[in-house]
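Some notes on the structure that comes next.
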Amino acid sequence: MTPIRIVRKAFQVFFLAATVSLTVKLLAGVRAPTVEYYCPMGGVVSLWGLVRKQQFICALSEMNLSLALALFAGVLLTKKSFCSWVCPLGTIFEGFSWTRSKVMRREVLRVPDKADAVLKYVKYAVLVAIFLLSYRASELVFRGYDPFYTLFTGGKGHGLIPTVSLVVLGVVLVGTFVFEMAWCRYLCPLGAVMDPLSKLGLLKVKRNGPACSDCGACDRACLQRIPVSRLGKVTRVDCTNCLACVSRCKTPGAMDVGV
Amino acid sequence: MTWKVWIIPVVIVALSFAGLLGAKQISLPTLTYMFDKEFRGETATAKLTVDGVRCYGTANALREHIASLPGLVSMVAYGGRHRVDLQYDPRRLMPEQITESIERPVSTPQGPVAFFKVVSVDVN
């Protein structure tokens, strides 16, 4: 394993552990902020309320806004690296892929290309629905259906819907276990927010064509199904700069990152 | 692979700190409300930390809870900080009355319940 991969795994474990510690505190009855307090998606949802009424909606606060602004800056600098280095759900879903392929020795299922091309737009519809419903109600109406919130509040979060929240979480977990990164690819509203900014992302994976042996190892390594071996620069919005392609490449000088 | 790959973890660490520390530099309200739009006299401000105010819903509940208090001019609530700034007419209202009104129990089917508790008051 390359040093950069080890560091990425360490980041993922750190952020997942920090998130789980908030869950444990909540379940233990300790007075502390829940995961909602640190969720950058909350900052995104709060933006329209701040513009229209100069006030936050529901339980959102300056922390959500500040982290959302930091996230935007991060996407402009390093594309959607948040997804593959920070996001606790992303870490769990990567774990699912690893479990399926390495432990269960089962082929990772991928949605057929045609369906995949259509389903990728569902997350934008989810995002629009969240915006419209949240602003209309001045409430975080999505939190009852948010698998991140349900999972990391241990099913005890304020605003969860009995049974429904757990069913949605279960469907997302099973669906993403069966189909590689299904939540991230098709449903994650924060991913939908990041997509347009990611197109402008400064630091991206680059392939040095003349040095490349065309072995295709980079394509096979990519969890986002990006055909890296056919690209010069990876400008695709779904690239999360996980650097799996760069780490997997055995040809010296063929893969790197750059502006 | 060159040193440039290390830019990514450096950016993530820097922006994580910036995001966490930046929240302290921003101060935006959860709820802003004028009780008396016509009032033109001199006002005093009570800055209260209120246990129970944590979001738009609870701030709005507090607004309704104290709305009948005579002499209140405006209210600005900061849910994340549990802070409520109340402007009032000092000739008609005392800070102690405000605290008492906030902590006044509400009748529920289970009996009277106090939803809010004033942790600190700063008057200027």
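At-a-glance table
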| item | result |
| --- | --- |
| Dimensionless Rg ratio for the range A:3-199, taking C-alpha atoms and the 2.2 N^0.38 Å reference | 1.03 |
| Residue with peak Gaussian network fluctuation, chain B [Cα springs, cutoff 10 Å], from B:GLY22, B:GLY80, B:GLY41 | B:GLY22 |
| Kirkwood Rh and Cα Rg combined as Rg/Rh, the range A:169-259 | 1.02 |
| Excluding exposed DSSP-loop trypsin sites (Lys or Arg not before Pro) (at most 15 other C-beta within 10 Å), longest clean stretch of chain B | B:41-90 |
| Rounded Å value of the spacing that divides the Cα centres of the range A:157-189 and the range A:190-249 | 26 |
| 10 Å binning of all Cα-Cα separations within the range A:70-154, expressed as whole percents from 0 upward | 13, 27, 45, 13, 2 |
| Most mobile of B:VAL11, B:VAL84, B:VAL53 in a GNM of chain B (Cα contacts under 10 Å) | B:VAL11 |
| Centroid-to-centroid separation of the range A:94-120 and the range B:52-124 [C-alpha atoms, Å] | 53 |
| Acute angle (nearest 10 degrees) that the helix A:40-53 long axis makes with the longest principal axis of chain A, alpha-carbon atoms | 50 |
| Estimated FRET transfer efficiency when R0 is 51 angstrom, pair B:ARG91-A:ALA32 (beta carbons, to 0.05) | 0.75 |
| 0 to 90° range, to nearest 10: angle between helix A:122-137 axis and chain A longest Cα axis | 20 |
| Rounded D (µm²/s) - the range A:27-128, Kirkwood Rh over Cα pairs, Stokes-Einstein at 4 °C, 1.567 mPa s | 78 |
| Two-site label geometry, A:VAL108 and A:THR163: point separation in nm, points 7 Å out along Cα→Cβ | 3.6 |
| Equivalent ellipsoid, the range B:27-123 (semi-axes from 5 times Cα gyration tensor eigenvalues, Å) | 21, 16, 12 |
| The protein assembly as shown - convex hull of alpha carbons, volume per residue in Å³ | 158 |
| Total charge dipole magnitude, chain A, about the Cα centre, Cβ charges on Lys, Arg, Asp, Glu only, Debye to nearest 20 | 520 |
| Helical mean residue ellipticity (222 nm; -39500 (n - 2.57) per DSSP H run of 4+; nearest 500) of chain A | -16000 deg cm²/dmol |
| Gaussian network model of chain A, springs between alpha carbon atoms under 10 Å - residue of A:ALA211, A:ALA68, A:ALA244 with greatest fluctuation | A:ALA211 |
| C-alpha long axis of helix A:88-98 to longest principal axis of chain A, angle in ° | 40 |
| FRET efficiency for A:ARG52 and B:ASN60, using Cβ-Cβ distance with R0 set to 25 Å, rounded to 0.05 | 0.95 |
| Radius, Kirkwood style, for the range A:22-63 when every pair of distinct Cα atoms is counted (Å) | 11.2 |
| Simple label model, 7 Å out from Cα along Cβ direction - B:MET34 to A:LEU202, nm | 4.4 |
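No lab work stands behind these numbers, since they all come straight from the coordinates. Quick caveat: nothing in here was measured; it's all calculated off a predicted structure. So basically every Cβ, Gly included, is an ideal-geometry build from the backbone, and we count neighbours across all protein chains shown.
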